[in-house]
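Read the structure below first, then the notes.
The values are calculated or read from the model by the stated rules, or taken from the named source; none is laboratory data. Keep in mind it's a predicted model, so treat the numbers as computed, not measured. Reconstructed Cβ throughout: ideal geometry from the backbone, glycine too, with neighbour counts over all protein chains shown. Remember, those area values only see protein heavy atoms, side chains included, never the ligands or the DNA or RNA. Shrake-Rupley method; radii C 1.70, N 1.55, O 1.52, S 1.80 Å.
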Amino acid sequence: MKAEILKKIGNAIVNEIGEECTISFPEVTKNNGSVMQAVVIRRVGSTVCPRIYIDRLLNEIESGCNSIHDAVAEIIAVYRNSDAWKLSGITEKLNKEFILKNVVYQLVNTERNIERLCDIPHKDFFDLSAIYNVIVCDDRNGTASIPISHKFCDCYGISADELDLAARKNTKEKGFCVTTIAEVMAEIAGIPARESCNECQTMFILTNKARCKGAAVMLYGEYFEELAGKLKSDLYIIPSSIHEVIAVPATGLSPDGIIKMVSEVNENEVDDEEILGYSIYKYDLEAKKFEIVK
């Protein structure tokens, strides 16, 4: 049934667009091994084209909640509003200097990405791995990046040490922020942070300024050292998602309870592709280092 629906979608796209193009339907392996169905609409002569994920639309069509016509209209709207065509010359711009100026870290779960990690440079951080993406576009409309593979590095003559040194510098320069959950909740609710629950005042979100793939802050212990110093306490670090981590004072808390909470939240609240992990970590203020909580 899926193959038949995809064929109908492809034919309808060609008829609607009315321009010379090719349509393909790749299955794309994302973070944590998640496989997503995409449609790629490639103009003749174009080197870059938008990859549009359509799993939701397929589910709606199969359940009778959406029609082929309406689904195709949504796909074409995304295609025409996409800025991907603006990046058509990016392959000509890519060179070693550009890559090293724009490469940044992303933190992922090692076990859930074990096959993917065979093909890409990475470094271990307990049961997590830091991988590398080169940002090719970053503006008010969003960020576009290219994951870096071993073949990519070989093509541009980039060593592992060069890559990591550049990523460490660039990721920090983009900036991280530390805020209480109370401040975030208050911002959403439009109330002063002081009126939020007292427990929320001692729960801190650490992420990057873009709040996207900000869990890489764990690679910079100085942020946790400063926070632990202010609180005069060791910290438990909760892997909220690939986008952020949560830190709480370790005093008086049961790690078993926190680990159970992480598991429940991952199962019920976090998209599979965005899960960072099921472990928790401790930042030891005196030793000034992280450890994984068994």
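Shown is the FRET efficiency for N15 and S254, computed with R0 = 45 Å from the Cβ-Cβ distance and rounded to the nearest 0.05: 0.15. Here the sum of -39500 (n - 2.57) over DSSP H runs of 4 or more residues, divided by the residues of the chain, equals -11000 deg cm²/dmol at 222 nm, to the nearest 500. When the charge dipole of region 1-55 is built from unit charges on Cβ atoms (+1 for Lys and Arg, -1 for Asp and Glu) and taken about the Cα centre, the candidate among V28, A12, C49 whose Cα reaches farthest toward its positive end is V28. Taking a ≥ b ≥ c as the square roots of the Cα gyration tensor eigenvalues, with a/c under 1.5 meaning rounded and otherwise prolate when a/b beats b/c, else oblate, which class fits region 1-58? Cα axes put region 1-58 in the oblate bin. Rg of the Cα atoms in the chain, relative to 2.2 N^0.38 Å, amounts to 1.14.
For helix 221-231, report the angle its Cα long axis makes with the longest principal axis of the Cα atoms of the chain; keep it between 0 and 90° and round to the nearest 10°. Value to nearest ten degrees: 40. Taking the 1.4 Å solvent-accessible surface of the chain as the whole, the part contributed by carbon and sulfur is 51%.
Pairs of Cα atoms nearer than 8 Å and 6+ residues apart set the relative contact order; for the chain it is 13 percent.
Post the alpha-carbon centroid distance, region 240-286 to region 1-78, in whole angstrom. With region 240-286 and region 1-78 each reduced to a Cα centre, they are spaced 36 Å. Residues whose amide H lies under 5 Å from that of N66, counting only those 5 or more places away or on a different chain, are I61; hydrogens are built 1.01 Å from N in the peptide plane.
What angle do you read, to the nearest 10 degrees and between 0 and 90, between the alpha-carbon axis of helix 160-174 and the longest principal axis of the chain? The answer is roughly 80 degrees.
Each residue, K209 and Y53, gets one label point 7 Å from its Cα in the Cβ direction; the gap between the two is 2.6 nm.
With a point put 7 Å past each Cα toward its Cβ, work out how far E111 is from E291 in nm, to one decimal. For the pair E111/E291, the computed spacing is 2.1 nm.
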